[in-house]
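One structure below.
Please treat every number below as a calculation from the coordinates, not as lab data. Bear in mind the structure is a predicted one, so any value in this text is a computation, not a measurement. Glycine also receives a Cβ, built like all others from the backbone with ideal geometry; neighbour counts cover every protein chain displayed.
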Amino acid sequence: MSKRQLAMVMDLNKCIGCQTCTVACKTQWTNRNGREYMYWNNVETYPGTGYPKNWMELGGGFDAAGDLQPGVIPNLEADYGVPWDYNYESLMGGMADSNTFHPHVSPTWGPNWDEDQGAGAFPQDNYFFYLPRICNHCTNPGCLSACPRDAIFKREEDGVVLVDLDRCQGYRYCIAGCPYKKIYFNPKISKSEKCILCFPRIEQGLPPACAQQCVGRIRFVGFLDDEESQVYKLVHKYKVALGLRSDYGTQPNVYYIPPTESPAKFDAEGKIIEGSTRLPIEELEKLFGPAVHDSIKTLKAEMKKRKETGMSELMDLLIAYQHSDMFRLDNHYYQEVAKQNKRNPLAPVDTRYIAGKFTKAGGHH
Ligand code: SF4
Ligand code: SF4
């Protein structure tokens, strides 16, 4: 366990599935150098296959006794999807037809292949919601436990989980060990890579790119021990933000406000079935555990209170009027940490990224 822990809360009631977060992350970190197929941030349709395909069924994590569970390493073509590109040059000099403009492979799978399909029958009772996912920077990371090279570390100062690229030999046990499948193999450098929670931004007091750019303003970022932070209030004070699949035993530090309302079903004549709700509570229980009942109860009660009295700290928090209502980071804290560790907080990211616990100043081993 680290001394302090950063956390992110995502309000699923506000995610519009626009993928701005995905693009923000991709352009910042993963559009090059063997990372093209990786989505450190992805937004999947739930219910659905997710990314990689059927990740919830691929093992990893811990059982009730705390033992690491075996897991599967997803296949690039079948489970992630080969990233394809187009022959854009065919567009030069006029309109292209489908014979000339085409992807460079015949894709059979890719992220969001089943986007917006969801479950149920349209228009009577179909439903889905968007589930954005990043690495959970777990308190008990399955990836870290699985690594025989001790190449994954959790930073003392903020709990960010990183790969020491000096140390990693590309064995990929981490991928099997992570039940969220949020760590990826880079075939170009033969090493594993993952979301770094934009630590170079965080250290300057800025939120991760996915959170800063989020159009729906669904993401809150801060330290869990900071009682003034939005994440503390949502997770500990109001207990409305819950970990995803906490039953995997990794103690995730990304939390979710569950979908609180869903539309009513229609009968065969297209009339509203009073009192019905499309989104089965069992689905939410599966994702967020039994605490989802109390979370939804609290959210509904506060909504009602806000309507009746105009007052609710929780609703004001979730509306997130400005960025300062969503992010509480502290660059002075990081400057102090850097000073104590004799580190340069402004060093280039590549140096910082591989500066794990096995990297000695001035050399590798
Ligand atoms: S989500 Fe996976 S990759 Fe991220 S810290 Fe947890 S176990 Fe490791
Ligand atoms: S940018 Fe925000 S609203 Fe858009 S998909 Fe990502 S999390 Fe959802």
Just how far, in whole angstrom, is segment 286-348 from segment 156-230 if you go by their alpha carbon centroids?
18
Approximate shape of segment 1-114 as ellipsoid semi-axes (Cα gyration tensor, √5λ), whole Å, largest first
34, 19, 15
With the cut-off at 1.5 for a/c, could you classify segment 181-326 from its C-alpha gyration tensor as rounded, prolate or oblate?
oblate
Which is farthest toward the positive dipole end of segment 31-105 among A65, N54, W40, measuring Cα position about the Cα centre, with Cβ charges +1 (Lys, Arg) and -1 (Asp, Glu)?
W40
Would you mind listing how long the chain runs along its three principal axes, going by Cα atoms, in whole Å with the largest first?
72, 60, 48
Of the listed peptides 100-113, 20-33, what is their order by residue-averaged count of other C-beta atoms within 10 Å, with the highest listed first?
20-33, 100-113
Helix-derived mean residue ellipticity, 222 nm - over the chain, DSSP H n ≥ 4, -39500 (n - 2.57), to 500
-5000 deg cm²/dmol
Mind ordering 186-192, 264-270 by average Cβ neighbours within 10 Å, highest first?
186-192, 264-270
Placed amide H near N186: partners under 5 Å, 5+ positions off or other chain:
K191, S192, E193
Between P208, G93, Y130, whose Cα lies farthest towards the positive end of the dipole of the chain when Lys and Arg beta carbons carry +1 and Asp and Glu beta carbons carry -1, centred on the Cα centre?
P208
When a/c is below 1.5 the answer is rounded, else prolate if a/b is larger than b/c, else oblate, so apply that to segment 73-158 with a ≥ b ≥ c taken from the square roots of the Cα gyration tensor eigenvalues.
oblate
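By counting other Cβ atoms within 10 Å of each Cβ, how are V292, V72, V221 ranked from fewest to most?
With the sparsest Cβ surroundings first, the list reads V72, V292, V221.
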What ranking do 306-314, 159-167, 198-206, 138-146 get when scored by the average of other Cβ atoms within 10 Å per residue, highest first?
138-146, 159-167, 198-206, 306-314
Where a ≥ b ≥ c are the square roots of the eigenvalues of the C-alpha gyration tensor, would you call segment 1-48 rounded, which needs a/c under 1.5, or, failing that, prolate if a/b is larger than b/c, or oblate?
oblate
